[in-house]
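The values are calculated or read from the model by the stated rules, or taken from the named source; none is laboratory data. In this text, all values refer to a predicted model and were calculated from it rather than measured experimentally. Because the Cβ atoms are built from the backbone with ideal geometry, glycine has one as well, and the counts that use them run over all protein chains shown.
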Ligand SMILES: Nc1ncnc2c1ncn2[C@@H]1O[C@H](COP(=O)(O)OP(=O)(O)O)[C@@H](O)[C@H]1O
Ligand SMILES: [Mg+2]
């Protein structure tokens, strides 16, 4: 599925937008591995303040999204850039969207982490257990919605 | 006078040996680790093609994808440490390829232009200029809050001039002079001074920031 198609996929949009309302966060974004090759990009965002995310390629193992794709585990940052791993510049989506806190979960396809669902705020914040749970549920909903596209592959 | 000259030489020496070490690690990553991973990838792809059980095939496919990602990341790390173009092709191609990487990393677009004919520059100096441009662009991604940057190179007989202008938030440049924490900008100026050039930064709140770099091209010829 190409980027434009995902942006126009109403199911995906709905899940992201609803999550943003329910958790009351400033930003929600979805990163997915491209059909071909190892590149991971941000395919959809809600609450964005510019369109930098569209040009960003997530680096494997770098930043919160890259770490999640390489580790397969959820992650949180509460007060960026305090107590981060790596350099400030390893976190482009935080810089681009001026986020201070975020929580993100992996999306699994074919048993491997190939996507990331991220929520963020532009203030420092610690996401509660129930908010984390909501992100996980939305992540699972997105896995279902996108499964056929990622695995089916066909046009 | 004597003493300040030798201090400058020491600073030059420290920077240069660091750059050489960075370059060595970068090459090692690219030619050593990267090449080995590539051999492993080809081997696994061969094995995958010979497998018939679907679950093993699938497993191996995920594994080759992981290696592909790792190879890509090693390559980017290597380029980030020391762009190979800087040694083989020169400053202009190195900057151009860095800009591509920069846009795909931070999503910031760079409107780039180079006027005049590129002149050969000693590697030590082109590394310095490259690092200063890198810091200027990184600062924009970190602090400027803008999606657009204008970068221009002007090659003259006697000097190279580079300007990097953003139309972001800007800052109060004078306050930096007595601020010990902001070493990035101080280092940019120092590195250009060591090459015999200059780096001037001006900024206005709400209007943006400009970094002007100049490198004399004539003296290089004597040495
Ligand atoms: N292009 C820019 N736009 C806005 N502010 C900037 C820019 N470049 C630098 N600054 C400001 O100047 C400060 C010093 O920059 P620097 O010395 O590179 O340190 P650092 O990048 O580590 O913060 C930054 O913290 C930032 O506030
Ligand atoms: Mg800096």
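Quick rundown of the values:
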{"quantity": "Set B:162, B:140, B:185: member being over 24 Å from residue B:206 (Cβ atoms), assigned by TED's automatic domain parsing to the domain that holds residue B:204 and surrounded by 14 or more Cβ atoms within 10 Å (Cβ to Cβ)", "calculated": "B:162"}
{"quantity": "Qualifying residue in region B:147-157 (condition: surrounded by fewer than 17 Cβ atoms within 10 Å (Cβ to Cβ) and either within 16 Å of ligand 2 (Cβ to nearest atom) or within 14 Å of chain A (Cβ to nearest Cβ) (or both))", "calculated": "yes"}
{"quantity": "Residue within region A:54-64 that is without any contact (Cβ under 8 Å) to a residue 24 or more places away in the chain, facing chain B (nearest Cβ under 10 Å), in a strand (DSSP E or B) and surrounded by fewer than 23 Cβ atoms within 10 Å (Cβ to Cβ) present", "calculated": "yes"}
{"quantity": "Residue within region B:104-113 that is over 15 Å from the mean Cα position of the chain (by Cα) and farther than 29 Å from residue B:29 by Cβ present", "calculated": "yes"}
{"quantity": "Any hit, region B:72-91, residues being at pLDDT 95 or above, within 16 Å of ligand 2 (Cβ to nearest atom) and within 14 Å of chain A (Cβ to nearest Cβ)", "calculated": "no"}
{"quantity": "Members of region B:102-127 found to be in contact (Cβ under 8 Å) with a residue 12 or more places away in the chain and either within 16 Å of ligand 2 (Cβ to nearest atom) or within 16 Å of residue A:95 (Cα to Cα) (or both), listed by number", "calculated": "B:102, B:105, B:106, B:107, B:108, B:109"}
{"quantity": "Residue B:61, sole failed condition from (1) within 14 Å of chain A (Cβ to nearest Cβ); (2) away from ligand 1 (no atom under 16 Å from the Cβ); (3) crowded, with 17+ Cβ neighbours inside 10 Å", "calculated": "(3)"}
{"quantity": "Of residues in region A:65-90 being in a loop (DSSP other than H, G, I, E, B), more than 10 Å from every other protein chain (Cβ to nearest Cβ) and out of contact with any strand residue (DSSP E or B) (no Cβ under 6 Å at 6 or more places or on another chain), the one surrounded by the most Cβ atoms within 10 Å (Cβ to Cβ)", "calculated": "A:80"}
{"quantity": "Scope region B:124-147; condition within 12 Å of ligand 1 (Cβ to nearest atom) and touching a strand residue (DSSP E or B) at 6+ places or on another chain (Cβ under 7 Å); matching residues", "calculated": "B:132, B:136, B:137, B:140, B:144, B:146"}
{"quantity": "Residues that are within 15 Å of the chain's Cα centre (by Cα) and surrounded by fewer than 19 Cβ atoms within 10 Å (Cβ to Cβ), drawn from region A:108-127", "calculated": "A:108, A:109, A:113"}
{"quantity": "Residues of region B:83-101 classified as touching a strand residue (DSSP E or B) at 6+ places or on another chain (Cβ under 9 Å) and touching a residue at least 24 places away in the same chain (Cβ under 8 Å), total", "calculated": "4"}
{"quantity": "Odd one out for residue B:110 among (1) away from ligand 1 (no atom under 16 Å from the Cβ); (2) part of a strand (DSSP E or B); (3) within 14 Å of chain A (Cβ to nearest Cβ)", "calculated": "(1)"}
{"quantity": "Flag if residue B:119 is farther than 30 Å from residue A:36 by Cα, away from ligand 1 (no atom under 16 Å from the Cβ), assigned by TED's automatic domain parsing to the domain that holds residue B:190 and buried (at least 19 other Cβ atoms within 10 Å of the Cβ)", "calculated": "yes"}
